[in-house]
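Following: one structure in structure tokens, then a few remarks.
Every number in this text was worked out from the coordinates using simple rules, so none of it is lab data. None of these values were measured; they are calculated from a predicted model. Note that each Cβ is placed from the backbone with ideal geometry, even for glycine, and that neighbours are counted across all protein chains shown.
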Amino acid sequence: MKKLIYIVAAFLGLGWNAQAQTPKGSVLIKNATVLTVTQGNQENTDVLVQDGIIKQIGKNLSAPSGVTTIDASGKYLMPGIIDAHSHVALDVVNEASSPITAEVRMKDVVNPFEVGIYRALAGGVTISHAMHGSANVVGGQNATLKHRWGAKDPADIIMQDAPRTIKFALGENPTRVHGRGNGIQPRTRMGVEAVLRNGFNEAIQYKKAWDTYTSAKSQKGNTTPPPAYSERLQTLADILDGKIIIHCHSYRADEIYMLINVARDFGIKKLVFQHTNEGFKVAPEIAEYTMGASVFADWWAYKFEVYYSTAFNAAILHRNGAITSINSDSAELIRHLYHEAAKTQRYGGLTDDEALAMITINPAKQLGIDDKVGSIEVGKQADLVIFEEHPLSSYAVPQMTFVDGVKYFDIQEDKDDQRQLVAATEMVEPIFLRADEEAHRCMQDVDAYFEAFQGAFLEEHHH
Amino acid sequence: MNHILKTIYTLLLALMPLVVLAQIDGDFVKPRSGKFLLQNATVVTITKGTLTNTSVLVENGKITQVGANLSAGDAEVIDCTGMFVYPGMIDSGTRLGMVEVSSVPETVDYAEIGNVTPNMQALTTINPNAEAIGVTRVSGVTTVLAVPTGGLFPGTAALINLNGYTPDQMYGGFKAVVMNFPSSGRRGRFDRRSDEDIKKEAEKSMKEADEIWNNAKNYLELKNSGATLHYYPEMEHLSKVLAKELPLLVQVNAASDIQNAIQWVKDKDIRVIFSGVAEGWRVAEDLAKSGIPVITGPVQDLPTRQSDRYDAAYANAGKMAKAGVKVALRTDEEENVRNLPFHAAFAAAYGLGKEEAWKAVTINPAEIMGIADHYGSVEVGKRANLIVATGDPFETRTQIMHVFIDGYRIPLSNRHIRLYQEFLERSPGLKAN
């Protein structure tokens, strides 16, 4: 039926814009405790969604004809959870061939068939930031995904109206891959800074060359040949022009402080730190100059640069005024980000709204999509989750998840096996006994680049 | 009214950091023993119901009285009005204390070289001052099983309490020889062996296990006959399993492996515990019939197969328990053993139920390990492993207010908390440019 509406809508020409291909749903969710995140909680409240947009929030709303009603009495409704750091639905993660690979794009390797998308939906996650890995100082450009499970075209799960973002990485990972692995800069955190400054200076020269050419071109009889085009330098130039948000893998306070200084020197303002385990040490600086930090709730000690961590990191960052989100970086953890956010109550005593903001409106801000998603407000895209028990309770169980008003997860109705694609060669289904490793992919695809560190050591817990 | 309550609740939450601070800034920096009266609490005994307005007296490391209106005498009184007393939680499978930083090989001491090394002692390598121990125990996890990893028989696991300055002071009275049952599953994404190779290797490994077992049998027979034996520590340790001095802790996960393992131990007259058992739900009936107790987890884990329902790992413990399997939980963690209560909560929410989930981290592991006389519930005569909390310790918003291990009152501090104290309001703050 939904499909029919969609087809009819498409024929009626309801929007010939870029998103016309992706389904938009209409639904009335009744009698829920609505956790708007930005505008408080509303008990026994209805939310009306039409064509993928939240149209009304109030009491005793009635469904327009043809719109399904869902009774959510005794249940909680919250905005779709947003994961600002994920590698779910990516076929490859690292282009570890150079300390700077700004030219590569994760949207070229998006795999809409990965069952991890459904599993994230089953944890209430509607948007994930599918990131390049952390092998390079400047990694590839990330893709912001909307979890439209069942889509077959990768383009249909990419949030087309999200701004561009790019992955940076500091510290152990790039110095291990390039310095220790390949014997080139950077081997140290000094080298990381140099790679960044050299890269941006080159981009400035590149921009100048093109500016010179462009102005010369308009002169009559000009025969100046154009400079060589470089996607890599053009991307760095776009960062300098404020067209791309940097999301930087970082752990230690010194390297975080370094990047803030580099950003200041080059006039870069759109900067978010990822992981940021020692962010708490430079929380005032992060708060003053950046778009904040996206952190783990409690991960630490899996490598040396996270040894001096604290689970109170998110609370300290938040209380110092930094925009703070909790992310997963894991196909496992992405399924219970509501629980990860709740840990800010044990470690720092944040309020319900503060904790929920860390997985909704705050990551939305860091991805530049807070005008569209991240809270339950009229006019926003209808990405919603219904929970049994309050989402910050350890006993919470997501019941239904909607993206653009379309239900993609229903605990009561969904079949167990959600695979959409089974390889013909797969005679016996593989069993992954240390699924843990399956979950952590920040350093995936790096082993091919150097032999010296090959093996489990490389892929185990090197976020 | 509701609104007022909510405001009060919000205020309380806002004050929570201060409460924590008050805790940590308290009058002691190291664990200390003594006579303590936990006064007027709701006591969740696990084995004898939940008792309101009840006090617990701790003396000489033990629980000596549980009841209403206990007189304090010379005991230090800890007012627990409005708070809850639970037994300390037991994590039945960890590498806590055996590693400091997992990516730094110099600090990783849980995996020795060799395929048959049952004589490798977890207890030897426990670092009583590992940073993660202090981080763990303030969560209410007071006791963990430290399990070595590696080859077919990688070593001997040991139960430790998370207080003490030597491994012997920490020892909780249970050891088991670990066996990694030959596996037909993949070890992870990087495991790119063909199905055929995996099968062959598992078969080869099974054969090897049989041979080793026979050797151990022979060793024991010779030993019992009074023969003079060469120093053979591997066989010496394995034969302890055959002599029923130690149980065999069989790490097994895939459904077919579990069935094979049940068969393998069937005609061996030994004590057996299964651990891991990720696909236990697939063969829950077989497990129940075997009567073998199961330590399972992590609960917060991905399903083992792409085709599995998303909550397979969450629901595993509940399904096994429902079939009649005795279930204890483990995190299989090192630095984040503190999340055991949350793993238990997920198991509870996805079918195990709260009461069974509590048993799975207290009395069940105690019974499985044969230490229920000393641990696993709040009962007179048991060791005083106790936690006092503002509510249900499985809930993240709950604060753990006091921890006692073997009667020692544990300071609620660790590096995570000290960093919080130092950096919440850093001074100097933002330096003016």
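Just a few scattered comments:
- Each residue of the range B:150-219 gets 119 Å³ once the volume of the Cα convex hull is shared out per residue.
- Distant-in-sequence amide contacts of A:D371, defined by a placed amide H-H separation under 5 Å and a gap of 5 or more residues or a different chain, comprise nothing.
- Magnitude of the charge dipole, chain A, Cβ model with Lys/Arg +1 and Asp/Glu -1, debye to 20: 1320 debye
- Toward the positive end of the charge dipole of the protein assembly as shown, with +1 on the Cβ of Lys and Arg and -1 on the Cβ of Asp and Glu, the farthest Cα among B:F174, B:N115, A:S98 is that of A:S98.
- Dividing the alpha-carbon radius of gyration of chain A by the rule-of-thumb value 2.2 N^0.38 Å gives 1.00.
- Expressed to the nearest 5 percent, the antiparallel share of DSSP beta bridges inside the protein assembly as shown is 55 percent.
- Our summary gives the range A:231-297 a relative contact order of 33 percent, counting only alpha carbon pairs under 8 angstrom and 6 or more residues apart.
- Using a simple spin-label model with pseudo-atoms 7 Å out from Cα toward Cβ, A:T214 and B:N224 lie 8.9 nm apart.
- Couplings 3J(HN,Hα) of the range B:36-47, computed from phi: 10, 10, 8, 9, 6, 10, 8, 9, 9, 7, 6, 9 Hz, in residue order, whole Hz [Karplus 6.51 cos²θ - 1.76 cosθ + 1.60, θ = phi - 60°; x for Gly and Pro].
- With a threshold of 31 Å on the Cα-Cα distance, the over-threshold entries among B:K35/B:K359; B:K175/B:K354; B:K35/B:K322; B:K240/B:K326; B:K223/B:K326; B:K204/B:K359 are B:K35/B:K322; B:K223/B:K326; B:K204/B:K359.
- The mean sequence separation of alpha-carbon pairs under 8 Å and at least six residues apart, normalised by the residue count of chain A, gives a relative contact order of 20 percent.
- For the range B:160-266, a/c is not less than 1.5, where a ≥ b ≥ c are the root eigenvalues of the C-alpha gyration tensor, and a/b does not top b/c. That puts it in the oblate class.
- Computed FRET value (nearest 0.05) for B:D210 with A:R180, which takes r as the C-beta separation and R₀ as 45 Å: 0.55
- Angle in degrees between helix A:337-346 and the longest Cα principal axis of chain A, rounded to the nearest 10: 80 degrees
- Global geometry of the range B:318-379, whether rounded, prolate or oblate, following the gyration tensor of its Cα atoms and the 1.5 cut on a/c: oblate
- Across q = 0.08 Å⁻¹, the protein assembly as shown modelled as identical point scatterers on its alpha-carbon atoms has Debye log10 I(q)/I(0) values of -0.76, in the order of the q list.
- Listed residue (B:G429, A:Y308, A:P430) projecting farthest to the positive dipole end of the protein assembly as shown, Cβ model: B:G429
- Among the chymotrypsin sites (Phe, Trp or Tyr not before Pro) found in the range B:230-275, those both in a DSSP coil and sparsely packed, with 11 or fewer other Cβ atoms within 10 Å of their Cβ, are B:Y231.
- Test item: Cα-centred dipole of the protein assembly as shown, Lys/Arg +1 and Asp/Glu -1 on Cβ, debye: 1120 debye
- When chain B is treated as a GNM with alpha-carbon contacts under 10 Å, the residue of B:L302, B:L37, B:L246 showing the greatest mean-square fluctuation is B:L302.
- Long-range HN-HN contacts of B:D308 with modeled amide H, under 5 Å: none
- Across the range A:93-105, computed HN-Hα scalar couplings (Karplus, 6.51 cos²θ - 1.76 cosθ + 1.60, θ = phi - 60°) run 10, 10, 9, 8, 8, 7, x, 10, 9, 5, 7, 7, 10 Hz from first to last residue, x flagging Gly and Pro.
- Between the Cα long axis of helix A:253-265 and the first principal axis of chain A there is an angle of about 80°, rounded to the nearest 10.
- Lys pairs, the range A:244-392 - Cα-Cα below 19 angstrom, 8 or more residues apart or on other chains: 6
- Within a Gaussian network of chain B (alpha carbon springs, distance under 10 Å), most fluctuating of B:M98, B:M235, B:M89: B:M235
- Peptide B:93-103 - average C-beta neighbours from other chains (10 Å radius): 3
- Stretched out straight at 0.36 nm per residue, the stretch from A:R264 to A:V378 would grow longer than its current Cα-Cα span by 37.4 nm.
- Amide H contacts under 5 Å for A:N44, placed H, 5+ residues apart: A:T33, A:V34
- Per-residue HN-Hα couplings for the range B:221-229 [Karplus 6.51, -1.76, 1.60; θ = phi - 60°; Hz; x = Gly/Pro]: 4, 4, 4, 5, 7, x, 5, 7, 10
- Cα lying deepest toward the dipole's positive end in the protein assembly as shown, options A:V385, B:A345, B:N253, charges on Cβ: A:V385
- Acute angle (nearest 10 degrees) that the helix B:255-266 long axis makes with the longest principal axis of chain B, alpha-carbon atoms: 70 degrees
- About the Cα centre, charge dipole magnitude for chain B (Lys/Arg +1, Asp/Glu -1 at Cβ), debye: 560 debye
- Sorted peptide list for A:273-285, A:70-82, criterion being average Cβ within 10 angstrom, highest first: A:273-285, A:70-82
- Within the range A:37-66: backbone nitrogen closer than 13 Å to the A:S73 label point (7 Å, Cα to C-beta): A:44-45
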